[in-house]
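Report on one structure; see the data block that follows.
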Protein chains: 2
Amino acid sequence: MPDHNLDLPGSAEVFSAAQDIAEQIHRTPLIGSSQIDRHCDANIFFKCEHLQKTGAFKARGASNALCRLPAGTSMVATHSSGNHGAALAWAAGARGLACTVVMPDTAPLAKRAAVAGYGAEIVLCGPSLADREAALQRVVEDSGAHVVPPFDDSRVIAGQGTVALEIAQQCREEGFMPDIVLAPVGGGGLLAGVGLALSALAPDILVMGAEPAGADDAQRSLRTGVHITAQTPDTIADGLRTTLGQRNFAVIRRTVSDIVTASESAIVAAMQLLWTRTKQLVEPSAAVPLAAIMENSARFRGKKVVVVLSGGNMDLVRAVSLFAEEDKSS
Amino acid sequence: MPDHNLDLPGSAEVFSAAQDIAEQIHRTPLIGSSQIDRHCDANIFFKCEHLQKTGAFKARGASNALCRLPAGTSMVATHSSGNHGAALAWAAGARGLACTVVMPDTAPLAKRAAVAGYGAEIVLCGPSLADREAALQRVVEDSGAHVVPPFDDSRVIAGQGTVALEIAQQCREEGFMPDIVLAPVGGGGLLAGVGLALSALAPDILVMGAEPAGADDAQRSLRTGVHITAQTPDTIADGLRTTLGQRNFAVIRRTVSDIVTASESAIVAAMQLLWTRTKQLVEPSAAVPLAAIMENSARFRGKKVVVVLSGGNMDLVRAVSLFAEEDKSS
């Protein structure tokens with residue numbers, strides 16, 4: 001579908017979102033680590049969205065979508081095995097809206113507990129995308145719920161972009177201008193939002209994406225100009241296994257300068273570096289930008305780079321077992 | 001030995017320390033968690049000393065001791081299997097002093113790597129306290145190094161107390177007065193320092209200690225008035241296995257209102273709560289105060305409590321295995 005048939009968000013929508021969600025979300029801190037800077041020979045600032053409400057930036061997009069519901073909506077729904085489901089459940093609970101989250105029966109118990117803890121109803125389904133979509137369709141038909149998609153949605157993209165407005169403001173407060181803002185890319189809600197916001201607010205800052213080499217559809221889409229809509233992802237970064245959304249691709253190709261990738265071993269090493277040096281519990285997906293800096297060092301050497309730490313929700317036992325495996329193999 | 005033969009620090013030494021170490025250390029943040037507040041029915045603020053230089057409050061005491069060395073000292077030494085060794089190595093390196101740390105050959109590789117990474121020489125010895133003291137004595141005789149003890153030292157106590165001055169200032173900035181400041185107690189450097197600082201600066205705030213039930217010498221010493229100098233500790237909180245120092249006991253009995261204890265299962269549960277709710281990687285010893293709040297809830301209900309998160313250095317694989325064991329047994 002050509003772009004002109006899509007309802008694409010503009011940067012004005014990001015500014016409106018920032019105003020409308022300001023009271024619901026945290027202004028998360030921007031932190032540094034001199035040890036990581038020495039390790040990477042760059043000046044890296046981490047935007048701590050793992051400290052955002054619900055433990056991920058997804059709270060921004062969900063919150064903004066719920067500020068812009070069709071009149072009379074009393075129930076929302078989505079399908080998600082991850083952070084978007086929890087974020088929508090939280091945002092709906094805060095507004096007194098009913099919420100149903102369709103989750104694959106393979107989703108970790110901790111993620112089910114988070115969604116249930118925010119008061120949403122969970123509908124379990126089979127693990128395939130077709131299973132999920134069919135189950136969500138049944139929910140919509142039975143209940144009339146309004147669907148809030150995880151990333152391919154203008155309200156969600158604009159909401160995620162608010163993180164970049166905060167970054168720009170915090171950098172000004174700290175008295176520096178970053179050369180690059182680097183965000184992980186899965187479905188592309190975060191990266192498209194950041195691109196939109198900074199192309200309007202600070203066009204001199206390069207916006208770049210980072211994704212696992214084992215799920216590099218966004219890099220291939222951006223570099224070839226052809227939107228790749230299917231892949232077989234192979235990565236521990238569970239938040240980045242989705243393919244780029246249609247609106248997301250349309251925004252990213254206009255506002256993002258490049259996408260870099262990271263190997264699985266670099267993702268584990270970056271996550272371990274973040275845990276041990278910053279003492280911040282970030283999930284594998286959040287470690288992908290630092291991993292990409294480590295593996296594309298020439299691109300980042302001597303630069304001021306803001307990295308979005310996208311979330312901090314994971315199975316801890318599984319995450320630590322990755323460190324043990326990596327230590328053994330290295 | 002009666003108190004009057006000891007060179008005890010006063011609160012003036014804490015104020016001097018704060019001035020002298022201000023440029024070497026971080027002013028760590030004070031954070032909250034609405035989920036933990038609901039869980040504990042109290043209003044808890046966490047002072048993030050796991051984000052301090054070297055990942056523990058020990059950087060304060062080591063830094064202050066090195067501001068007060070005998071003239072002409074060019075080398076310092078200590079024995080430590082934990083955070084004090086790394087802190088002294090770091091502080092010595094920053095001043096261009098040579099440093100030797102006597103470590104038991106059973107100390108985790110990660111701790112040896114940290115000490116070596118700060119440029120100190122490591123002398124390995126057997127695991128008993130007698131082994132360590134003999135090895136340290138040989139280092140002193142061979143090199144003339146000046147010994148900086150881990151806790152039973154006025155300079156160290158005054159340095160650790162600076163954390164309480166920051167807490168008082170941050171609470172004022174946030175517009176509230178805490179009812180209680182709760183710090184973990186092992187050798188007692190931190191708790192004595194906090195007691196000294198707050199008895200002078202804010203005598204209305206109760207200062208309390210928290211220790212593992214399996215290493216409760218400080219509670220028994222304080223409650224009976226008789227300094228217990230030997231125990232057989234049995235706790236995962238490796239930073240709190242030491243017995244209370246002589247100077248530390250003398251200060252604590254004058255400035256600390258009570259010491260509460262926590263079971264091992266509560267320590268694991270509190271650590272898991274901190275990891276998952278605040279996304280902060282704190283070590284078992286740092287989770288002891290929250291564990292003690294959970295197990296002595298009547299003492300803390302409805303109160304404003306500042307908890308010192310003392311450090312964030314640990315073997316991650318071992319820490320996460322504790323969660324898995326606890327999940328199985330509960």
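The values are calculated or read from the model by the stated rules, or taken from the named source; none is laboratory data. What you are looking at is a predicted structure, and each value in this text was computed from that prediction instead of being measured. Glycine also receives a Cβ, built like all others from the backbone with ideal geometry; neighbour counts cover every protein chain displayed.
Just the residues that are within 18 Å of B:LEU8 (Cα to Cα) and among the β-branched types (Val, Ile, Thr), please, taken from segment B:133-158.
B:VAL147, B:VAL148, B:VAL156, B:ILE157
Residue-by-condition table, conditions (1) touching a residue at least 40 places away in the same chain (Cβ under 8 Å); (2) not assigned by TED's automatic domain parsing to the domain that holds A:LYS303:
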residue: A:ASP105; (1), (2): no, yes
residue: A:ALA110; (1), (2): yes, yes
residue: A:GLU121; (1), (2): no, yes
residue: A:LEU129; (1), (2): no, yes
residue: A:ASP142; (1), (2): no, yes
residue: A:ILE157; (1), (2): yes, no
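Buried (at least 24 other Cβ atoms within 10 Å of the Cβ) and polar (S, T, N, Q) - does that describe any residue in segment B:221-239?
No, there is no match, as no residue in segment B:221-239 is buried (at least 24 other Cβ atoms within 10 Å of the Cβ) and polar (S, T, N, Q).
Results for (1) surrounded by 24 or more Cβ atoms within 10 Å (Cβ to Cβ); (2) within 13 Å of A:GLU49 (Cβ to Cβ); (3) of a type outside the set (Gly, Ala, Ser), shown as yes or no for each residue.
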{"residue": "A:GLU173", "(1), (2), (3)": "no, no, yes"}
{"residue": "A:PHE176", "(1), (2), (3)": "no, no, yes"}
{"residue": "A:VAL181", "(1), (2), (3)": "yes, yes, yes"}
{"residue": "A:VAL185", "(1), (2), (3)": "yes, no, yes"}
{"residue": "A:ALA197", "(1), (2), (3)": "yes, no, no"}
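All but one of (1) among the aliphatic types (A, V, I, L, M); (2) in a helix (DSSP H, G or I); (3) crowded, with 24+ Cβ neighbours inside 10 Å; (4) away from chain A (no Cβ under 14 Å) hold for B:LEU244; state the number of the condition that does not hold.
Status for B:LEU244: all satisfied but (2).
For residues that are assigned to a helix (DSSP H, G or I) and either under 19 Å from A:PRO29 (Cβ atoms) or more than 9 Å from chain B (Cβ to nearest Cβ) (or both), tally how many sit in segment A:313-326.
Count: 4.
Restricting segment A:256-299 to residues that are under 16 Å from A:LEU316 (Cα atoms) and touching a His at 6+ places or on another chain (Cβ under 9 Å), which is surrounded by the fewest Cβ atoms within 10 Å (Cβ to Cβ)?
If we take residues in segment A:256-299 being under 16 Å from A:LEU316 (Cα atoms) and touching a His at 6+ places or on another chain (Cβ under 9 Å), then A:LEU273 is surrounded by the fewest Cβ atoms within 10 Å (Cβ to Cβ).
For segment B:98-146, name all the residues that are among the hydroxyl-bearing types (Ser, Thr, Tyr) and either in contact with a Lys or Arg (Cβ under 8 Å, 6 or more places away or on another chain) or more than 14 Å from B:ALA86 (Cα to Cα) (or both).
B:THR106, B:SER128, B:SER143
Condition first: within 14 Å of the chain's Cα centre (by Cα) and surrounded by fewer than 24 Cβ atoms within 10 Å (Cβ to Cβ). Now tell me which residues in segment B:33-49 satisfy that.
Hit for segment B:33-49 is B:CYS48, nothing else.
State whether the residues of segment A:194-209 include one that is touching a residue at least 60 places away in the same chain (Cβ under 8 Å) and under 17 Å from A:ALA286 (Cβ atoms).
Yes; the residues of segment A:194-209 include at least one that is touching a residue at least 60 places away in the same chain (Cβ under 8 Å) and under 17 Å from A:ALA286 (Cβ atoms).
Can you name the residue in segment B:257-274 that is among the aliphatic types (A, V, I, L, M) and either touching a Pro at 6+ places or on another chain (Cβ under 9 Å) or assigned to a loop (DSSP other than H, G, I, E, B) (or both) and, of all such residues, is nearest to the other protein chains (Cβ to nearest Cβ)?
Per the stated criteria, the residue is B:MET271.
Of all residues in segment A:277-330, how many are within 21 Å of the chain's Cα centre (by Cα) and among the hydroxyl-bearing types (Ser, Thr, Tyr)?
Residues that pass the stated criteria total 3.
What residue, of A:ASP142, A:ASP153, is acidic (Asp, Glu) and either on the phi > 0 side of the Ramachandran plot or exposed (fewer than 15 other Cβ atoms within 10 Å of the Cβ) (or both)?
A:ASP142
Out of the helices (runs of 4 or more DSSP H) lying entirely within segment B:3-106, which hold 1 or more residues that are within 14 Å of chain A (Cβ to nearest Cβ) and farther than 30 Å from B:LYS304 by Cα?
Hits in segment B:3-106: B:83-95.
Tell me yes or no: at least one residue of segment B:167-186 is under 20 Å from B:ASN248 (Cα atoms) and part of a helix (DSSP H, G or I).
Within segment B:167-186, none of the residues are under 20 Å from B:ASN248 (Cα atoms) and part of a helix (DSSP H, G or I).
Quick check: anything in segment A:80-88 under 30 Å from A:LYS303 (Cβ atoms) and surrounded by fewer than 17 Cβ atoms within 10 Å (Cβ to Cβ)?
No, segment A:80-88 contains no residue that is under 30 Å from A:LYS303 (Cβ atoms) and surrounded by fewer than 17 Cβ atoms within 10 Å (Cβ to Cβ).
Report whether or not B:GLU211 is under 17 Å from the mean Cα position of the chain (by Cα), within 14 Å of chain A (Cβ to nearest Cβ) and either crowded, with 24+ Cβ neighbours inside 10 Å or not hydroxyl-bearing (Ser, Thr, Tyr) (or both).
The answer is no for B:GLU211.
Select, from B:ARG254, B:ARG277, the only residue that is within 14 Å of another protein chain (Cβ to nearest Cβ), touching a residue at least 40 places away in the same chain (Cβ under 8 Å) and assigned to a helix (DSSP H, G or I).
Being within 14 Å of another protein chain (Cβ to nearest Cβ), touching a residue at least 40 places away in the same chain (Cβ under 8 Å) and assigned to a helix (DSSP H, G or I) holds for just one of B:ARG254, B:ARG277, which is B:ARG277.
Report, ordered by the first and then the second residue, all pairs with beta carbons closer than 9 Å, sequence separation of six or more or different chains, a first member in segment A:319-330 that is loosely packed, with under 11 Cβ neighbours inside 10 Å, and a second member that is modelled with pLDDT of 75 or more.
A:SER329/A:SER265; A:SER330/A:SER265; A:SER330/A:ALA269
Would you mind finding the one in B:THR261, B:THR229 that is β-branched (Val, Ile, Thr) and at pLDDT below 95?
Unique residue meeting the criteria: B:THR229.
Of the residues that make up segment B:218-232, is at least one in contact with a Pro (Cβ under 8 Å, 6 or more places away or on another chain) and touching a residue at least 12 places away in the same chain (Cβ under 8 Å)?
The answer is no; no qualifying residue exists.
I need the full set of residues from segment B:284-312 which are over 21 Å from B:THR162 (Cα atoms) and not in a helix (DSSP H, G or I), in order please.
Within segment B:284-312, B:ASN296, B:ARG301, B:GLY302, B:LYS303 meet the criteria.
Please verify whether B:ALA92 is modelled with pLDDT of 95 or more, within 16 Å of the chain's Cα centre (by Cα), of a type in the set (A, V, I, L, M, F, W, C) and crowded, with 24+ Cβ neighbours inside 10 Å, treating the condition exactly as stated.
Judged against the criteria, B:ALA92 is not a match.
Mind checking which residues of segment A:122-139 are in a helix (DSSP H, G or I) and surrounded by fewer than 19 Cβ atoms within 10 Å (Cβ to Cβ)?
A:LEU129, A:ALA130, A:ASP131, A:GLU133, A:ALA134, A:GLN137, A:ARG138
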